[in-house]
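The values are calculated or read from the model by the stated rules, or taken from the named source; none is laboratory data. Because the structure is a prediction, the values reported are computed rather than measured. Every residue, glycine as well, gets a Cβ built from its backbone with ideal geometry; the counts of neighbours run over all protein chains shown.
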Amino acid sequence: MKLNNLKIKLFSLFTGAFFWFNIKKAQALNFAEESGLKKTATNAGYPEGLSANPEGMIIQGISLVLSFVGVLFMILMIYGGFIWMTARGNESNVDRAKKIVTAGVIGLIIVFASYAISYFVVNFFSENSLK
């Protein structure tokens, strides 16, 4: 029994020391300066920090909204498929599922079309093209 207590104490001591040294090392690391991301971004032609121009903010906003809406329509498709799979021959549930899946497909087509249109408009009227 004493051997198990000794093992537990030694394991706790070494684990604690390991985490303490790693925490101290992590506190000393300045990630922004030492990671090399600034140098890489500068060499790639990207501005430092977030894009401060209105075009960049509009592009980011449109991309965020379209991504969110696309995810919502994919969830709608999965939900419609689940209802269809669990309908067990009930025609009203199958019709309801078909309507949900149809709405999901139409929604995804609208999202893809709106993304394509916004991509074209931003590239046409902007000096900075989307990458």
Q) Val122 versus (1) surrounded by 16 or more Cβ atoms within 10 Å (Cβ to Cβ); (2) modelled with pLDDT of 85 or more: which is the lone unmet condition? A) (2)
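Give, as residue ranges, the helices (runs of 4 or more DSSP H) completely inside segment 1-103 that count at least 3 residues that are among the hydroxyl-bearing types (Ser, Thr, Tyr), modelled with pLDDT of 75 or more and within 26 Å of Ala113 (Cβ to Cβ).
Filter on segment 1-103 gives 54-85.
Taking the options Val101, Val94, Val111, Val105, name whichever one is within 18 Å of Gln60 (Cβ to Cβ) and among the hydrophobic types (A, V, I, L, M, F, W, C).
So the residue among Val101, Val94, Val111, Val105 that is within 18 Å of Gln60 (Cβ to Cβ) and among the hydrophobic types (A, V, I, L, M, F, W, C) is Val111.
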